[in-house]
Amino acid sequence: MYFKDRREAGRLLAMRLLDWADRRDIEVVVLGIPRGGVIVAAEVAARLHAPLDVFLTHKLGAPGNPELAIGAIAGDGTMLLDEQIIREFAIPRQYIERERDAQLRSMQARADRYRQGRPPIDTRGRCVILCDDGIATGATALAALESLRKRHPARVILAVPVGPTQSMEALARACDEVVALATPEPFYAVGRFYLSFEQVTDDQVIAALQHQPPIARDAAPPAA
């Protein structure tokens with residue numbers, strides 16, 4: 001399955017989530033993992049008529065090789081570590097602490113920039129739909145789900161266009177429901193399943209949060 005771009009993926013994902021549109025029994029909020037996940041989440045939020053916010057999480061990179069993830073951390077400090085990699089590369093705990101602190105400072109600065117002075121949405125007692133543009137290892141999404149649980153939502157749904165079966169099964173154990181449009185095997189990279197997968201800028205994230213796209217005609221009508 002291929003997606004034209006993140007917006008199309010978000011529209012298709014929203015069609016699988018229409019049961020959560022205009023709910024009167026529970027408040028629904030949509031969160032996007034920056035940067036690409038916010039573009040997907042904006043389409044979902046618009047079609048569900050739900051408020052949209054960001055949820056920051058980031059991988060922790062290895063010394064001298066930031067692309068090698070030794071774990072992941074959410075904006076509230078929730079941290080998951082890959083102890084096998086840490087042992088294999090003999091990574092000092094002092095380095096992990098420095099990397100943790102650096103990522104927390106960076107995420108706080110990004111959250112302030114993205115929200116432009118708006119407070120974060122309260123998720124307590126609400127149904128939270130967490131979106132990303134795809135899942136690879138699932139480490140950052142898992143950190144996000146663990147962090148969200150501490151905020152006492154009524155329900156947490158992870159919604160993504162694509163991800164490998166093994167990662168999606170692991171993430172399903174950390175939330176109430178997983179909605180994925182495709183779980184292809186073999187799985188090489190998220191971008192392989194998009195015709196256009198250009199890097200998303202901070203300005204695009206800010207614009208998506210400020211101006212949600214118009215409701216498509218194929219979306220469910222508002223409840224009477």
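Since every read-out is calculated from the coordinates, none of them should be taken as a lab result. Please read all numbers here as calculations on a predicted model, not as lab measurements. With ideal geometry, Cβ positions are generated from the backbone for all residues, glycine too; neighbour counts draw on all protein chains shown.
Brief remarks follow.
- 5 Å-binned pair-distance histogram of region 59-114 (Cα, whole percent): 4, 20, 32, 23, 12, 6, 3, 1
- Put simply, the Cα atoms of the chain extend 60, 40, 33 Å along their principal axes, the longest span coming first.
- Rounded to the nearest 20 debye, the dipole magnitude of the chain is 400 debye, with +1 charges on Lys and Arg beta carbons, -1 on Asp and Glu beta carbons, and the Cα centre as origin.
- Rounded FRET efficiency, nearest 0.05, which uses the C-beta distance separating Asp22 from Arg98 and R0 of 35 Å: 0.15
- Other-chain or far-sequence residues with amide H under 5 Å of Ile70's (modelled H): Leu60, Gly61, Ala62
- Potential lengthening of the chain between Arg173 and Ala207 amounts to 8.9 nm, from the contour at 0.36 nm per residue minus the alpha-carbon distance.
- Estimated from the Cβ-Cβ distance and a Förster radius of 22 angstrom, the FRET efficiency linking Leu68 and Gln166 is about 0.70.
- Per-residue HN-Hα couplings for region 203-209 [Karplus 6.51, -1.76, 1.60; θ = phi - 60°; Hz; x = Gly/Pro]: 4, 5, 5, 4, 5, 5, 6
- A Förster radius of 45 Å combined with the Cβ-Cβ distance from Lys150 to Arg192 puts the calculated FRET efficiency at roughly 0.85.
- For the chain, share of DSSP beta bridges that run antiparallel, in % to the nearest 5: 30
- Helix-only CD estimate at 222 nm, as mean residue ellipticity for the chain, using -39500 (n - 2.57) per DSSP H run (n ≥ 4): -11000 deg cm²/dmol
- Principal axis dimensions, largest first and in whole angstrom, of region 1-131 by Cα: 51, 37, 25
- Summing +1 for each Lys or Arg and -1 for each Asp or Glu among the other residues whose beta-carbon sits under 9 angstrom from that of Ala159 gives -1.
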